[in-house]
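Report on the structure given below.
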Amino acid sequence: MKAFTMPDFYVPYPARLNPHLERSHAHTMAWAKEMGMLDAPKPGGGVVWTAEELDRMDYALMCAYTHPDCDGPALDLVTDWYVWVFFFDDHFLELFKHSRDFTGAQKYLDRLELFMTATPPEPENPAEAGLKNLWERTIPQMSDDWRERFVVSTRNLMVESMWELENIDRGRVANPIEYVQMRRRVGGAPWSANLVEFAAGAEIPAHLAATRPLQVLCDTFSDAVHLRNDLFSYQREVAEEGENSNAVLVLERFLGITTQEAAERVNDLLTSRLQQFETTALTEVPVLLADQAIPPHEQAAVALYAKGLQDWQSGGHEWHMRSSRYMNEGMVSKPKGLGMSTLRIGAEKRVRQHSHVPFERVGPQPVPEFHLPYVLRMSPHLDAARRYSIGWVKEMGIVDGTIWDEPRFKGIDLAHCAAMINADGTLDEVCLTTDWLSWGTYGDDYYPVAFGATRDIPRAKALNARLKLLMGDAPPVPVEPMEKGLADLWRRTAGDLPERARAGFRKSVEDMIDSWVWELENQAANRIPDPIEYIEMRRRTFGSDMTASLARLASAEVVQDEIYQTRVMRELETAAQDYACFTNDLFSYQKEIEFEGELHNIVLVVENFLDVDRVTARAIVLDLMNERMRQFEHILANGLPALLAMIGDPEVGRVLESHAAMLKDWMAGIMEWHRRCVRYQEPELLRLRGESLSPLPLLRLLPSGLGTSAVRPRAAR
C-alpha cells in the first residue's frame, strides 16, 4: 500500500534526453561489473546489487536526462560517478545499518577518503575501486579550485553518512532546520552541482564560487533535488527499510500531521526552492555579473552552469518517475512540460509571497514559555560599560537625533546585553562587545530609514562598498556615523590579528551589511522570503554569524577553521544562532509587522508559507526554537565529546568547550535582554511614533505604487 498520493509537482521546464544514452548504459554496466559492484556481498547473504537490479534502476537514463547536452565520453564518466555514489550509499548502509558497527563504519569512511589523494592505497572493496578509478579519470580535466570544491562535497556525502547511521541507532528524527542543512551534506546534490560544471564544460570562476547568488543557486538546486528524492523514496526508505532521514517523516513528526499532509508541505517547500532558484538566476546573478564587470567568457560559464542545474531538475524529476528505485506507479503517463498544473502551482505560490499588506494592527504578543536550561551570568563591568558606551556613540555621531537620540540609546541598553553574553570578559572586552552591538543595531535601524523610503538600493550598495574599504589596507577617511563606527571598531578588533583570522572576521562583517541590502531588495519587491532562505539570511541580518566569528578570534591560532566547519561545531553554532534569532523575532513581531511594515520575521514567514494564522505560526516557531535547543543539548552531550576524543588535543578541547559555554551565555543573555528591553514594548513604540525621531515618515517602507486600498490593514486572522 502506498504511503501517500503524490502531489502535483512544479516542473516548469521539459526534460530532454541525451542522444548517447544507449552507449552509456552499456558502458556503465560493464564498468560496475569491472569494479566488483555486482558481486559485493551483504552481511546477511546475497549481494548489494545484481545486474538485473542495476539495469532496472537505470542510472544511465538518469544521467542522460540530467545532462542532455554533453558528449558520449563525458556522459559515460558522469554516469559512472552516479553508479558509484548510489552503490556507496547502499553498500555502506548494508554493512553498518543493522550491525551498528560505528568503529568499522568510521574506518571504512577514513579509508575511502584516501582515494582522493595523489597516492591512494590498493582498493579493498568496490567502493574504493570505483572512487580510485573515477578520481584518476576526472581530476586531470579540471582546475585545482574545482578539485578542492569537489573534494569537500565528496567528503561530505561520505563522512556525514555517520549522521544518518547515528540517528537510525538512536531512533532520532531530525528537526526541520537540521535536516535541510545536513541533507545538503549527506544527500550529495552539491556534489551533483560540481559534476554539472564538468558535464557542461563550464567551471564557475573561483572568485565567484563563494558569492551569495552562486551559492544560492547551488543551495536551492540541492534542496530541490533532495526534497523531490524524499517524496519519491519515502515508501522504500521509511515504510519498508526503517530509515528516518526523509523530509516527509521530519515534517510529519514535527508538525504532528498525516503523511499525506506532510508530503504536500514538502512539495510546497520544493516549489518554493525552485522558484527561489529562478528568482536568483534571473535577478541576482545578472546584477552580480554587472556589478563586478565580469568578462564575457566568465558570464557564459555562469549561464551554462545555471542552465545545467535547470536541466538537472527537470531531468531528475523525469527519471524519478521512471526508475524502479522509487514510489512512482502511474506517474509516467502524466503530462510533461509546462502544463496548466505547473502554471497554477507557480502562480499561486508567487502571488502569496508578494501579497502581504504592511502595517497590520497585531497588538502586543504574549511572551511564551521558552525551553532555556542555562543560567544567566552577568559581568561585573556592566555599569562601567554603560557609562563608556554613551561617550562612544556620541563621538561616532550615532545619537545625533536622526535615527537615535540619547534617551533611545539608553533605553535599548546594549551594554546590558554585552555584559551577559561576555560575562567573563575584561572591561575593555565588554566595552568592545557593547560597541559592536551598538553599531550593528544602529545599522539595522539606519538602512531602512536612509534607503528604504526611496528604494535607493544603489546608494545602499555604495555605502557598503565604502564600509568594506574601511576594513582594507588603504581605508578612506570615514565621514558619517556608520563609517566612523566601523573604522574605530575595526582598528580595535582586527589590528593585531593574523591574516587568516582577520579575513574570516572581515567576511562575517561584509555578510552582515550585505544582508541589510538583501532586506531592502525584498522590501522593494514586497516579497516575503522563502523559509529556508530566511533562516539562513537571518543569521547574517541579526549579526549572529559575526558574533560567532568574533568569539573565535582569540583562539584563531589554536583551532583551525576546518574544525569549526565540522558537522558537530557547525550544527552547535547554528542551533544557538537560530534560537537567538527566533527569540528576537518573537519579541519584535509587533514592532516589525505593525509599526515598521517589515517582511523579515520568522512568524510572518511561517504564516505565509503554511497559510496559517499568527497564533499557530507563533506556536510553530516556539516548537522550532525548542527543538533547536534540544539539538544543542544533544550535541553537547554526545557529539562534542566524540569530536574532542577524535581530535585528541587537550588545548583544542579546552577552546571548543569554552566556545560552547560562550554560546550558552549568548542565548541566555539575549533572552534576558529581550525580556527587559523597552525596544519591543508597545508604550515605547507608540512614543517613538509620536515623536517621529526620523525626518522620514513612518510609512517609509510602503511598496511604491500602491493605492490606499492596498495598504488598508487586513482583518486580524
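Computed from backbone phi, the HN-Hα couplings of the stretch 7-21 come to x, 6, 9, 8, 10, x, 10, x, 6, 10, 10, 5, x, 9, 4 Hz, rounded to whole numbers (Karplus: 6.51 cos²θ - 1.76 cosθ + 1.60, θ = phi - 60°; Gly and Pro given as x).
Remark: the stretch 198-270 carries a charge dipole of roughly 240 debye about the Cα centre, counting +1 on each Lys and Arg Cβ and -1 on each Asp and Glu Cβ. Can you give me the C-alpha center-to-center distance between the stretch 241-317 and the stretch 370-391, rounded to a whole angstrom? Centre-to-centre (Cα) distance: 42 Å. Principal-axis analysis of the Cα atoms of the chain puts helix 614-634 at an angle of about 70° to the longest axis.
Accessible surface area normalised per residue over the stretch 389-468 is 34 Å², counting heavy atoms of protein chains with a 1.4 Å rolling probe.
Please report the relative contact order for the stretch 166-290, taking Cα pairs under 8 Å with a sequence separation of at least 6, and give it as a percent rounded to a whole number. The partial results should precede the final answer.
Numbers: 111 pairs, mean separation 39.7, N = 125.
Normalised by residue count, the contact order of the stretch 166-290 is 32 percent.
Hey, got the dipole for the chain? About the Cα centre, +1 on K and R Cβ, -1 on D and E Cβ, debye to the nearest 20?
Working: 77 positive and 106 negative charges, 347 e Å.
In total the dipole reaches around 1660 debye.
Would the stretch 180-219 count as rounded, prolate or oblate if I go by the C-alpha gyration tensor, calling it rounded below 1.5 in a/c and otherwise prolate when a/b exceeds b/c, oblate otherwise? Oblate, since a/c reaches 1.5 and b/c is not below a/b.
Could you work out the Kirkwood radius for the stretch 366-423, taking every pair of different alpha carbons, averaging 1/r and inverting it, reported in Å? Intermediate results must be reported in sequence, preceding the final value.
Details: mean 1/r = 0.0766 Å⁻¹.
For the stretch 366-423, inverting the mean 1/r across all distinct Cα pairs yields 13.0 Å.
Taking N as the number of residues in the stretch 24-150, what is its Cα Rg relative to 2.2 N^0.38 Å? Present the calculation step by step, with values, prior to reporting the outcome.
Working: Rg = 15.1 Å, N = 127, 2.2 N^0.38 = 13.9 Å.
Normalised by 2.2 N^0.38 Å, the Cα Rg of the stretch 24-150 equals 1.09.
If one takes the longest principal axis of the Cα atoms in the chain, at what angle in degrees, from 0 to 90 and to the nearest 10, does the Cα axis of helix 126-138 lie? The angle comes out near 70 degrees.
What share of Cα pairs, in percent, lie more than 20 angstrom apart in the stretch 1-96?
Numbers: 2145 of 4560 pairs.
The calculated P(r) of the stretch 1-96 puts 47 percent of pairs beyond 20 Å.
Considering the options G543, H91, A202, tell which one lies farthest towards the positive end of the dipole of the chain, charges being +1 on Lys and Arg and -1 on Asp and Glu at the Cβ, about the Cα centre. Checked the options; the winner is G543. Backbone N atoms of the stretch 614-643 closer than 18 Å to the 7 Å Cα→Cβ label point of R500 are not found in any residue. Computing mean projected area of the Cα convex hull in nm² for the structure here picks out one of [x] 31.0; [y] 41.4; [z] 44.2, namely [x].
What is the extension gain from Q681 to K468, computed as 0.36 nm multiplied by their sequence separation minus the C-alpha to C-alpha distance, in nm to one decimal? Can you show the working numbers first?
Details: separation 213, 0.36 × 213 = 76.68 nm, distance 3.43 nm.
So the chain would gain 73.3 nm between Q681 and K468.
Among the GluC sites (Glu not before Pro) found in the stretch 190-253, those both in a DSSP coil and sparsely packed, with 14 or fewer other Cβ atoms within 10 Å of their Cβ, are E241. Quick check: the angle from helix 259-279's long axis to the longest principal axis of the chain, C-alpha only, nearest 10 degrees? So the helix axis and the longest Cα principal axis differ by about 70 degrees.
Look at the dipole of the chain built from charges on Cβ: of P295, G401, V48, the Cα furthest out on the positive end belongs to G401. The length gained on full extension between H207 and E348, counted as 0.36 nm times the residue separation minus their Cα-Cα distance, comes to 47.1 nm.
With a ≥ b ≥ c the root eigenvalues of the C-alpha gyration tensor of the stretch 130-243, is it rounded (a/c under 1.5), prolate (a/b larger than b/c) or oblate? Don't skip to the answer; put the middle values down first.
Values: a/c = 2.19, a/b = 1.69, b/c = 1.30.
Cα axes put the stretch 130-243 in the prolate bin.
Extending 7 Å from the Cα toward the beta-carbon at both T50 and H98 defines two label points whose distance is 1.7 nm.
Counting only Cα atoms, the size of the stretch 429-547 along its three principal axes is 43, 31, 24 Å, in decreasing order. Of the solvent-accessible surface of the chain, computed with a 1.4 Å probe and all protein chains present, 55% belongs to carbon and sulfur.
Picking from W81, A423, L131, whose Cα lies most toward the positive end of the charge dipole for the chain (charges on Cβ: Lys, Arg +1; Asp, Glu -1)? Ranked along the dipole, the leading option is A423.
3J(HN,Hα) along the stretch 413-429, derived from phi through the Karplus expression 6.51 cos²θ - 1.76 cosθ + 1.60 where θ = phi - 60°, amounts to 6, 6, 4, 4, 5, 4, 5, 8, 7, 10, 4, 9, x, 6, 4, 4, 5 Hz, with x in place of Gly and Pro. Between the stretch 567-607 and the stretch 62-123, the alpha-carbon centres lie 38 Å apart.
At 0.36 nm per residue, and after removing the present C-alpha to C-alpha distance, how many nm does the segment from R570 to K2 gain when stretched out fully? Don't skip to the end; give the middle numbers.
Numbers: separation 568, 0.36 × 568 = 204.48 nm, distance 3.67 nm.
Contour length minus the Cα-Cα distance gives 200.8 nm.
Pull out a ≥ b ≥ c, the square roots of the eigenvalues of the alpha-carbon gyration tensor of the stretch 523-594, then state rounded if a/c is under 1.5, prolate if not and a/b is larger than b/c, and oblate in the remaining case. Prolate shape, in that a/c is at least 1.5 and a/b is the bigger ratio. Checked against a 18 Å cut-off, the cross-linked pairs K33/K132; K2/K349; K461/K507; K42/K97 give Cα-Cα distances beyond that limit for K2/K349. Computed with a 1.4 Å probe over protein heavy atoms only, the accessible surface of the stretch 491-648 comes to 31 Å² per residue.
The values are calculated or read from the model by the stated rules, or taken from the named source; none is laboratory data. Predicted model only: the values in this text are computed from it and were never measured. A quick note on method: Cβ atoms are made from the backbone with ideal geometry, for glycine too, and the neighbour counts reach across all protein chains shown. The area values use the complete protein model at the heavy-atom level, side chains included, leaving out ligands, DNA and RNA. Shrake-Rupley method; radii C 1.70, N 1.55, O 1.52, S 1.80 Å.
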